[in-house]
1. Could you tell me whether any residue of the range B:24-37 is in a helix (DSSP H, G or I), within 20 Å of residue A:4 (Cα to Cα) and either more than 8 Å from chain A (Cβ to nearest Cβ) or at pLDDT below 95 (or both)?
2. For the range B:89-141, which fully contained helices (runs of 4 or more DSSP H) count at least 1 residues that are out of contact with any strand residue (DSSP E or B) (no Cβ under 8 Å at 6 or more places or on another chain) and closer than 30 Å to residue A:126 by Cα?
3. Going by the conditions given, is residue B:124 farther than 30 Å from residue B:1 by Cα and crowded, with 20+ Cβ neighbours inside 10 Å?
4. If residue B:53 satisfies all but one of (1) touching a helix residue (DSSP H, G or I) at 6+ places or on another chain (Cβ under 9 Å); (2) touching a residue at least 12 places away in the same chain (Cβ under 8 Å), what's the number of the condition it fails?
5. Identify the residue in the range B:4-19 that is touching a residue at least 24 places away in the same chain (Cβ under 8 Å) and within 7 Å of chain A (Cβ to nearest Cβ) and, among all such residues, is nearest to residue A:36 (Cα to Cα).
6. Please indicate, with yes or no, whether at least one residue in the range A:73-95 is facing chain B (nearest Cβ under 7 Å) and over 30 Å from residue B:56 (Cβ atoms).
7. Out of everything in the range A:1-25 that is more than 18 Å from residue B:107 (Cβ to Cβ) and under 15 Å from the mean Cα position of the chain (by Cα), what residue ends up being surrounded by the most Cβ atoms within 10 Å (Cβ to Cβ)?
8. Can you pull out the residues in the range B:142-171 that are surrounded by fewer than 22 Cβ atoms within 10 Å (Cβ to Cβ) and part of a loop (DSSP other than H, G, I, E, B)?
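The values are calculated or read from the model by the stated rules, or taken from the named source; none is laboratory data. Remember, it's a predicted structure, so these values are computed and weren't measured experimentally. Cβ sites come from the backbone with ideal geometry, for glycine too, and all protein chains shown count toward neighbours.
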């Protein structure tokens, strides 16, 4: 049952990404050309609404659906890995026109060649795991 | 009204806040919003944990992540096949002119740039770069940065975490470089 909740939220997210055209290479290309507000509006308003939820959850000491306190600790620390990793991720985002969420959703829309993109991303993850101790973090 | 909701396209001010609701919904079921963790868990499921300690964890504890990914695929079926978006996309005029220069016109018919992302294209140098090289960087980069657009640009920024801002700046350095410096070369391959 708990897993079913996540499938349902995933369906909602995939549907949202499709209706907002976030899964389109064309929209990502347009975003990086900085010729349209569409994607900036989406990301900006998503962050703004999330920020409000974030503050509300923290201040109200809200409990989750199972009655456990919702804990939102600081998740990240450091600098180098975020800059270098971020740049490398950005290269991939602009080439494939998709970040990981849209990759899955694109397969669902019938663009099956994105299975190859996902497979390649898995290989990229695997290579990172194999060589990460040699990389600056 | 219902027709517009189902067939889209949605404007940015509907799409963005809806993503904010997803962020909240995941915390409400006890999870933290982030998609690229599925890539790590995927490697572990395929057995990478035996050789590489980074992948040596109990992936069954992260099964929720996989369920979320299954939902993402089904959401694509719902939004792309059952209720396909109204076309053509309303892209910016200057972008359209560049696209026509590249010989790309599939935005008239659908959401996918089918000239680049197709099985035929996969076996060309150009298609290989977009599909295989691009995919590699998505996976490698999101593991290196410990998060992708959802984990950093939404969840991290909403929690005012500075490393996430650094990551997002990185995303744009990489993306702007591809689009403004490399794209002309790749498209002419």
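1. Let us first name the residues in the range B:24-37 that are in a helix (DSSP H, G or I), namely B:24-28, B:37.
From the residues that got through so far, the ones that are within 20 Å of residue A:4 (Cα to Cα) too are B:24-28, B:37.
Keeping just the survivors that are either more than 8 Å from chain A (Cβ to nearest Cβ) or at pLDDT below 95 (or both) gives B:37.
Yes, some residue in the range B:24-37 is in a helix (DSSP H, G or I), within 20 Å of residue A:4 (Cα to Cα) and either more than 8 Å from chain A (Cβ to nearest Cβ) or at pLDDT below 95 (or both).
2. Working: elements: B:93-101, B:119-122, B:125-128.
Here the list reads B:119-122, B:125-128.
3. Working: farther than 30 Å from residue B:1 by Cα: yes; crowded, with 20+ Cβ neighbours inside 10 Å: no.
Here the answer is no, as residue B:124 does not meet what is asked.
4. The number of the failed condition is (2).
5. Of the residues in the range B:4-19, the ones touching a residue at least 24 places away in the same chain (Cβ under 8 Å) are B:6-9, B:19.
Keeping just the survivors that are within 7 Å of chain A (Cβ to nearest Cβ) gives B:8-9, B:19.
Values: B:8: 18, B:9: 15, B:19: 19 Å.
So the residue we want is B:9.
6. The first filter runs over the range A:73-95 and keeps only residues facing chain B (nearest Cβ under 7 Å), leaving A:74-79, A:81-95.
Now drop any that are not over 30 Å from residue B:56 (Cβ atoms), which leaves A:94-95.
Among the residues of the range A:73-95, at least one is facing chain B (nearest Cβ under 7 Å) and over 30 Å from residue B:56 (Cβ atoms), which makes the answer yes.
7. So the first thing to find is which residues in the range A:1-25 are more than 18 Å from residue B:107 (Cβ to Cβ), and the list is A:1-16.
Keeping just the survivors that are under 15 Å from the mean Cα position of the chain (by Cα) gives A:9-16.
Details: A:9: 24, A:10: 28, A:11: 23, A:12: 20, A:13: 29, A:14: 33, A:15: 28, A:16: 26.
Residue satisfying both the conditions and the ranking: A:14.
8. Hits for the range B:142-171 are B:159, B:160, B:161.
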